[in-house]
Each structure stands twice: as C-alpha cells, then as structure tokens.
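Trainee: This is the structure I have questions about; it appears just below.
A short reminder: the numbers here are calculations on the coordinates, not readings from a lab. Predicted model only: the values in this text are computed from it and were never measured. Ideal geometry is used to build each Cβ from the backbone, glycine not excepted, and the neighbour counts take in all protein chains shown.
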Amino acid sequence: MAEFQTLFPIQLYVKDKIDDYDAVQKEMLEYVNKIEWMWSDGWDSHWLSSLTFKDNPVSHLPKFSQQLAYSLEEYTKKMDFYYNTGVTLQASWFSCFHEHNYAHIHSHRGADISGVYYFSTSGDDGDLFFTSPIANAKASKAWANERVNFAPKQGTLLLFPGWLEHGVSTNTKDHARVSLSFNIQVDELRELASSDGYIRVTNKKK
C-alpha cells in the first residue's frame, strides 16, 4: 500500500483570534493613536510607524507581548526546537495601508520567525500572500501554484519563517488597514531565564 510523505514543509501559525482580545485592542489603540505615520520613499507603497524599525512597539505593549509569547511557545514547540531554544524580539513596527496602498514582495531574511497581527481591518482591504520558495517548481504547470492568499481578519495573529517571501495586495477600499509586524530571533534558552515557564519576548541584547 502506498503512502504520501511531505518534504520540506513550511509551518504557518494562525491564531484566528488572539486571547485577551479586548484588552490587547485597547492597549494597542492607545499606542496607535500616538503614531506619527511616515512614508518610505524606498518602499513607496504604504505608511510605517518608523523608518528605522528601532522603536519596537511590542516592547511597549505588555498585554500583546504576553499573548505573542504564548503563541511563540506553541509555534516553536511544533517546530521541535522548543526545549533547547528561546526567542528574542529583533524589531517590530506598525503598517498602515490606505486606499491604493500595498506591500512589495519581500522577506525578512535576518529573522528566524516573522509575524503580523491585524489590529484594524475590514477583511477585504488587501490580502497577505505568500509566494512559493521552491524556484524550480515554476518550470512545471502541475506544480506551479506560486501564491497562497490569506484574507486579513481583525484580531488574527500569524507566524511564519522570516525567509518566506510575502507581500500585501492593494487596498481597494476607502479606509485604512493597520497591522503590527515583528521579527523574532531564536536563541539558546539558557540565555533567557524564565520564572513562569513561558518563552519570554525580550529586546535583543546589544
């Protein structure tokens, strides 16, 4: 009897609605209301909370940080490196997509794990999409499914490998979508002592 096996699977973590949602949203709203949005001439596609990515909003959002830590624990455990590794926060930033805004296809190659949390979205204001990392598959019509779309949903948290190329399709609606993105580095667990048993999300050590 034949069996099917999957080679080189890509693990995408999807938390449909973050726990403690109301408290997280309230905390985040206070932060978002203080953002002075910036336009990057390099990207020339959407608004950012910082052009240097050094502000690290996640470090100022303790309720969200706690929920992110729980999700990272689940994700890293699934990836089989939970028991001997921990994680640190490399960078985080808010993105704002007004009508006609989008995000180019890109990756976060310096990060082990990347992710996004949808703070404000109508669900039809531009999908997140991932492109296949298997370059040679493009030569085959049977295997050339190069793009997978995910419609945004308010309160949803996604985690994925930082090297996985992705982008955001154009917002065709007359309102802005706001999301929080972040990059995570995997470290040895002994460097991140924890008293409560959960992986800690901390600022990267200098």
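Trainee: Give me Rg over Rh for the chain, both radii from the alpha carbons and Rh done the Kirkwood way, two decimal places.
Mentor: 0.98
Trainee: In percent, how large is the relative contact order of the chain, given Cα pairs closer than 8 Å and 6 or more residues apart?
Mentor: Relative CO of the chain lands at 31 percent.
Trainee: With a sphere of radius 12 Å drawn around the Cβ of His175, what net charge do the other residues whose Cβ falls strictly inside it have (Lys, Arg +1; Asp, Glu -1)?
Mentor: Around His175, the charge tally is -2.
Trainee: Still on this model: Which pairs break 26 Å Cα to Cα here: Lys15/Lys77; Lys34/Lys153; Lys34/Lys77; Lys77/Lys138; Lys15/Lys78?
Mentor: Lys34/Lys77; Lys77/Lys138
Trainee: Right, something else. Can you run the Rg to Rh ratio on region 92-189? Use alpha carbon positions and the Kirkwood inverse-distance Rh.
Mentor: 1.01
Trainee: To continue, here is another question. Going by C-beta contacts inside 10 Å, put Asp20, Asp41 in order with the fewest on the left.
Mentor: Least to most surrounded, the residues fall as Asp41, Asp20.
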